[in-house]
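Peer 1: Right, I'll just put the structure down here and ask away after.
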Amino acid sequence: MTADREAQVVDQVPKQLFIGGEWRDAASGATFKVEDPSTGAVLCEVADAGVDDAFAALTAADAAQPTWAAHPPRERGEILRRAYELLMARQDELGLLMTLEMGKPLAEAKGEIAYAAEFFRWFAEEAVRIEGGYSVSPDGRSRFLVMRRPAGPAMLITPWNFPMAMGTRKIGPAVAAGCTMVLKPAQQTPLSALALAAVLKEAGLPDGVLSVIPTSDAGGVTEPLLTDGRIRKVSFTGSTAVGRTLLKQSADQVLRTSMELGGNAPFLVFDDADLDAAVEGAMLAKMRNIGEACTAANRIYVQAGVAEEFARRLGERMSALRMGRGTEEGVQVGPLIDARAREKVQGLVDDAVGRGARVLVGGGPGDGAGYFYRPTVLADVPQESRLAHTEIFGPVAPVISFESESEAVAAANDTEYGLVSYLFTRDLGRAFRVSEALETGMVGLNQGIVSNPAAPFGGVKHSGLGREGGRVGIDEFLETKYVGIAGID
Ligand code: NAP
């Protein structure tokens, strides 16, 4: 990949705020820097929204809401369909842009563009299938007409780890439902969100329906909007700690909320499992996105009889991975997002080793510039280690052995999180029993990946509220209204 091509891709992205269909500087004129995590070099600067800009975006969303709600559903769907096609046509350049600001290997970044685009294709199809109902009251005297209405202007807040897909997963259903939006992307990855806004404008999204306001002051900019009264819906993806803060702020105006929060996924391998498939599944569940995924396998529980062999095979696969700048050919593991993330991962590994865990592979940072951490496998990890209770968000696979099914399920559920779990077994009875017993919103049964735009994604316990994707994804942006019709005697 040439430096010229990289510079060209960054140059093409608007660096201003997108408010009411226009690109503009922040009212204060402020900007902030965007960094390449694989080198620490500054890629560019983007406009830094303040409270005045945020209110301008909200005013645009509020003004556009009535006409947007009345916009024909077929046309709302066709805007999404065109945006899907534009994203796919630009998969290479948008993938490169994402690799530059976030660090993931180019093949994975391009994969995310396709995954992100698929939310638009899915919700393009859902826009024309918003249905209500008609029924007769039990006493036969009146009639009930049930209709679905857009929830109203929505505040969307997204994280840096999937900078494009976490945006389309919210924008897709909001457009389909007829909601206007203000999107605040993560400070570390604003470029993908700005490129997405440009694509949607080109696809014909009317002015004011979506505004995008990157900022270096997330809380300072979003709280006044949530407590203003004009926003009616908040959809957030990010950490549980920030999710709790937003839930408290949303209470003031009794806002509808969707919360896609942190995870601590258990990955269970029983001794009757196909061990090759389990190792393959663990590689996917652990290493997708450099381990920086809410769905990442955080604790790998393996039945005692196969634990040693599983850890050995996993170690072999992990040590063969190629680490480097995501733009380089053949690289499978990019850098972590920043120095703080790398220190956190090292602290968790040190804690486990201090409690008796054995390092089979890796165990420390990469050499040179950038925030690299080597793919790591730890064996004999005690359940009381901090990493068994903390979202690692890095390429570290702790293997913990267990004796019985009930012990494995109890350990898996010993967490406040409940996003996803993985289960490898060839015993059908056990597959159903354990799937039902695991306290998570999603289960990967003999597979290491669950994310799919056509499936309802989301967690229970402290992993969140609501679902994104699937048939129910649009419900998060719709209200139910019923009209009672007087007697027809
Ligand atoms: P984060 O720190 O919670 O940030 C997420 C977003 O919230 C960013 O846009 C951030 O802005 C913003 N934010 C931070 N503090 C805020 C505040 N006080 N008020 C309003 N917004 C605020 O999470 P992250 O580190 O970016 O992302 C990683 C987390 O996301 C992990 O816990 C991961 O599990 C979770 N995640 C969950 C899912 C899911 O679907 N369940 C998917 C992906 C990621 P700044 O960037 O400016 O701080």
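The values are calculated or read from the model by the stated rules, or taken from the named source; none is laboratory data. These numbers come from a predicted model, not from an experiment. No Cβ is skipped: glycine too gets one built from the backbone with ideal geometry, and neighbour counts run over all protein chains shown.
Peer 1: Answer yes or no: is there a residue in the stretch 252-269 that is on the phi > 0 side of the Ramachandran plot and more than 15 Å from the ligand (Cβ to nearest atom).
Peer 2: Yes, the stretch 252-269 has at least one match.
Peer 1: For the stretch 212-241, enumerate the residues that are within 15 Å of the ligand (Cβ to nearest atom) and among the small types (Gly, Ala, Ser).
Peer 2: Correct list: 216, 218, 219, 220, 235, 238, 239, 241.
Peer 1: Still on this structure, I have one more. Filter the stretch 145-201 down to residues that are of a type in the set (Val, Ile, Thr) and in a loop (DSSP other than H, G, I, E, B), then give me how many there are.
Peer 2: Here the count works out to 3.
Peer 1: Hey, any hits in the stretch 1-15 for a residue that's buried (at least 20 other Cβ atoms within 10 Å of the Cβ), more than 25 Å from residue 323 (Cβ to Cβ) and either under 25 Å from the mean Cα position of the chain (by Cα) or modelled with pLDDT of 95 or more (or both)?
Peer 2: Among the residues of the stretch 1-15, at least one is buried (at least 20 other Cβ atoms within 10 Å of the Cβ), more than 25 Å from residue 323 (Cβ to Cβ) and either under 25 Å from the mean Cα position of the chain (by Cα) or modelled with pLDDT of 95 or more (or both), which makes the answer yes.
Peer 1: I've got another one for you. Quick one: in the stretch 144-173, which of the residues that are aliphatic (A, V, I, L, M) and more than 16 Å from the ligand (Cβ to nearest atom) is nearest to residue 114 (Cα to Cα)?
Peer 2: By that ranking, first place goes to 151.
Peer 1: Answer with yes or no whether residue 7 is in a helix (DSSP H, G or I), over 20 Å from residue 225 (Cβ atoms) and in contact with a Leu (Cβ under 6 Å, 6 or more places away or on another chain).
Peer 2: no
Matching residues to (1) of a type in the set (Val, Ile, Thr); (2) part of a loop (DSSP other than H, G, I, E, B); (3) free of Cβ contacts under 8 Å to residues at least 12 places away in the same chain:
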residue: 326; (1), (2), (3): no, yes, no
residue: 367; (1), (2), (3): no, yes, yes
residue: 384; (1), (2), (3): no, yes, no
residue: 387; (1), (2), (3): no, no, no
residue: 397; (1), (2), (3): no, no, no
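Peer 1: From the list 464, 418, which residue is closer than 24 Å to residue 116 by Cβ and modelled with pLDDT of 95 or more?
Peer 2: After ruling out the rest, the residue left standing is 464.
Peer 1: How many residues, within the stretch 420-430, are surrounded by 15 or more Cβ atoms within 10 Å (Cβ to Cβ) and more than 26 Å from residue 261 (Cα to Cα)?
Peer 2: 2
Peer 1: Also, I was wondering about something else. Pairs under 6 Å by beta carbon, first residue closer than 15 Å to residue 470 by Cα in the stretch 159-178, partner in a helix (DSSP H, G or I) and within 15 Å of the ligand (Cβ to nearest atom), six or more apart or different chains?
Peer 2: If the second residue must be in a helix (DSSP H, G or I) and within 15 Å of the ligand (Cβ to nearest atom), the pairs left are 165/112; 165/115; 165/116; 168/116; 168/119; 169/119; 172/119; 173/473.
Peer 1: Same structure again: Kindly list the number of the only condition in (1) part of a loop (DSSP other than H, G, I, E, B); (2) more than 14 Å from the ligand (Cβ to nearest atom); (3) at pLDDT 95 or above that fails for residue 141.
Peer 2: The number of the failed condition is (3).
Peer 1: What single numbered condition from (1) touching a Leu at 6+ places or on another chain (Cβ under 7 Å); (2) assigned to a helix (DSSP H, G or I); (3) under 21 Å from residue 474 (Cβ atoms) fails to hold for residue 126?
Peer 2: The one condition residue 126 does not meet is (1).
Peer 1: Which of the following residues is farther than 30 Å from residue 168 by Cα and not in a strand (DSSP E or B): 279, 302, 331?
Peer 2: The conditions single out 279.
Peer 1: Just for the stretch 347-381: of the residues that are crowded, with 16+ Cβ neighbours inside 10 Å and farther than 19 Å from residue 399 by Cβ, which one is farthest from the ligand (Cβ to nearest atom)?
Peer 2: 366
Peer 1: While we're on this one: Is it true that residue 320 is free of Cβ contacts under 8 Å to residues at least 24 places away in the same chain, closer than 23 Å to residue 374 by Cβ, loosely packed, with under 15 Cβ neighbours inside 10 Å and aliphatic (A, V, I, L, M)?
Peer 2: So residue 320 fits the description; yes.
Peer 1: From the list 132, 140, exactly one residue is in contact with a Ser or Thr (Cβ under 9 Å, 6 or more places away or on another chain), loosely packed, with under 15 Cβ neighbours inside 10 Å and not hydrophobic (A, V, I, L, M, F, W, C). Which is it?
Peer 2: 132
Peer 1: Confirm whether residue 60 is in a helix (DSSP H, G or I) and buried (at least 18 other Cβ atoms within 10 Å of the Cβ).
Peer 2: yes
Peer 1: Only one residue in 70, 30 is more than 21 Å from residue 113 (Cβ to Cβ), surrounded by 14 or more Cβ atoms within 10 Å (Cβ to Cβ) and among the small types (Gly, Ala, Ser). Which one?
Peer 2: The unique qualifying residue is 30.
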